[in-house]
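What follows is a set of notes on a single structure, which appears directly below.
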Amino acid sequence: MTTAADVDLIILGGGCAGLSLASALAQLGGTSPHAVILEGRQTYSHDRTWCYFKDGQAVARTDVQHAWPSMRVASGAGTIALDCGTARYEMVNAGQFYQNAQLTIGQSEQVGLKMGVLVTKPPVKQNDVWRVDTGVGTLYSRFVVDTRPAQLPHRDGAKLWQSFYGEEIQCDVAVFDVACGDLMDFAAADACGARQALPEAVCFVYVLPTTAKRALIEFTVFGPDPLPPESLHALHANAVALRLGGATFSVLRSEHGVLPMGATPPAAVGDASYVLAGLTAGGARPSSGYAFARIQRWASSCALSLATGKGPLGHAPDRLVQRLMDALFLKLVRARPDLAPDLFFALFAGTNTQSVIRFLSDRATLRDHARVVASLLPGPLLRAVLKRKRQKHGDLPLLETP
Ligand SMILES: Cc1cc2nc3c(=O)[nH]c(=O)nc-3n(C[C@H](O)[C@H](O)[C@H](O)COP(=O)(O)OP(=O)(O)OC[C@H]3O[C@@H](n4cnc5c(N)ncnc54)[C@H](O)[C@@H]3O)c2cc1C
């Protein structure tokens, strides 16, 4: 017995990953398979911003709201301004991204978007096609790409948690330099009382100015537990007050995120016609939580694979050397958060800027990796190893190699 498929492909979830894949398919025109995205939300809003270092080879995007030629890193050890060169630090406004994706998909005869449609049951395979049950009916398709975020793992399911709370603020006077953002300001977080409030975590302030009077200011924590926004409000308010030095301001919008770092992705379904993708399925870089640029690369290759009849692709696994370095980094920060600001500062100050940007953007060569290791060895890593020897039976958590 056979069941007729309604479409070739159903994409579950129309967030960053689902819409990126659907847009890539729509741009392929008639070679795209017939696809539909099922998205639970009724409407989209400007709920987040996505930043990444631009890959000089990548096609220019039309939804970039701002690009910074220079980014600052500050800790007790000093301040360094990174000259990004061609790898500018770009920001995509999610509201604009959703709008562009809806336009692109709206012009396609092959791809459709259904809003306000919740997938209500785990899809099942029946007679070679996938049955997808939703709140408004059942659909059948040959392939499924499931981008719905997995349930967040329990406390110890991630090596580290990244929690952040940010507000986009508008000041009455000019206070920001639009040519330079703050990628990680550990010194400002310390001045806000972060070490006393969260001794087991490493905290930094992230500032993205889009005009001389407007900026997104975020307070970010890498720590052993996921944190709700309320527990970051006071630290965030201190960071804003410190940065604005008394200038009056209004809050335009806020955003909050909790990202598991180094969590084991959910197991594959075991059928090549059903793949998992997006943030919790290998989309995010374990050591940073950055996912946007990785999702764009995945979307292009998955769309091409589908258009050439090869079926959907999941996220490609990271190279071994990157996996080892990320695992070591997560263990080090978890075990010795007090050393983390020095570690980051040494990384940015001691490594050729383009090498460190390629390292952060999954594009590092072996030489870049060697440069990163060389910048860390004389500083925080060595001190951690020496301390480990001295505290063989001490009470501080010890480092282990991955
Ligand atoms: C506030 C915030 C800021 C971030 N900033 C950055 C950044 O600067 N740079 C970066 O690289 N990464 C960033 N990230 C991380 C990552 O890029 C984003 O989380 C990104 O949105 C992940 O894309 P996704 O498609 O996997 O998940 P989502 O964008 O969350 O999309 C999942 C979609 O699935 C839908 N869905 C869920 N369940 C169902 C269901 N049962 N039926 C139908 N639909 C369903 C949801 O409504 C949602 O639209 C940020 C994350 C957050 C939360």
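Every number here is computed from the coordinates shown, using simple stated rules; none is lab data. All values reported here derive from a predicted model rather than from experimental measurement. Cβ sites come from the backbone with ideal geometry, for glycine too, and all protein chains shown count toward neighbours.
Between rounded, prolate and oblate, where does the stretch 17-63 land on the alpha carbon gyration tensor, with a ≥ b ≥ c its root eigenvalues, rounded for a/c under 1.5, else prolate if a/b exceeds b/c?
It is oblate, given that a/c is not under 1.5 and a/b is not larger than b/c.
For the chain, a crude dipole built from +1 on the beta carbon of Lys and Arg and -1 on the beta carbon of Asp and Glu, taken about the Cα centre, is about 1080 debye to the nearest 20. Students often forget the sequence filter, so: which aspartates and glutamates lie under 18 Å Cα-Cα from Lys125 once same-chain residues fewer than 8 apart are removed? Straight-line reach from Lys125, under 18 Å: Asp6, Asp8, Asp133, Asp146, Asp271. Going by neighbour counts of Cβ atoms within 10 Å, the residues Ser301, Ser273, Ser20 line up, fewest first, as Ser301, Ser273, Ser20. Rounded to the nearest 20 debye, the dipole size of the stretch 155-261 about its Cα centre is 60 debye, using +1 on the Cβ of Lys and Arg and -1 on the Cβ of Asp and Glu. Express in whole angstrom the spacing between the alpha-carbon centres of the stretch 359-374 and the stretch 1-76. Using only Cα atoms, the two centres lie 27 Å from each other.
Shape verdict for the chain, please, from the Cα gyration tensor: rounded (a/c under 1.5), prolate (a/b greater than b/c) or oblate. Cα axes put the chain in the prolate bin. With θ taken as phi - 60° and the Karplus curve 6.51 cos²θ - 1.76 cosθ + 1.60 applied, the whole-hertz 3J(HN,Hα) list for the stretch 67-73 is 9, 9, x, 9, 10, 9, 10 Hz, x standing for glycine and proline.
Of Leu232, Leu259, the sequence from fewest to most neighbouring Cβ atoms within 10 angstrom is Leu259, Leu232. Oblate is the label for the stretch 100-171. Its Cα gyration tensor axes, ordered a ≥ b ≥ c, give a/c of at least 1.5 and b/c at or above a/b.
If the only charges are +1 at each Lys and Arg Cβ and -1 at each Asp and Glu Cβ, what is the size of the charge dipole of the stretch 213-303 around the Cα centre, to the nearest 20 debye?
440 debye
Karplus-based coupling profile of the stretch 80-87, in residue order and whole Hz: 10, 9, 8, 8, 6, x, 7, 8, with θ = phi - 60° in 6.51 cos²θ - 1.76 cosθ + 1.60 and x standing for Gly or Pro. Across the stretch 181-196, computed HN-Hα scalar couplings (Karplus, 6.51 cos²θ - 1.76 cosθ + 1.60, θ = phi - 60°) run x, 9, 6, 8, 10, 6, 5, 5, 5, 4, 5, 8, x, 5, 4, 6 Hz from first to last residue, x flagging Gly and Pro. Compute the acute angle (0 to 90°) between the alpha-carbon long axis of helix 366-376 and the principal axis of greatest extent of the alpha-carbon atoms of the chain; round to the nearest 10°. For 366-376 against the chain, the angle is about 40 degrees.
Pairs of Cα atoms nearer than 8 Å and 6+ residues apart set the relative contact order; for the chain it is 18 percent.
Ordering Thr86, Thr134 from the fewest to the most neighbouring beta carbons within 10 Å gives Thr86, Thr134.
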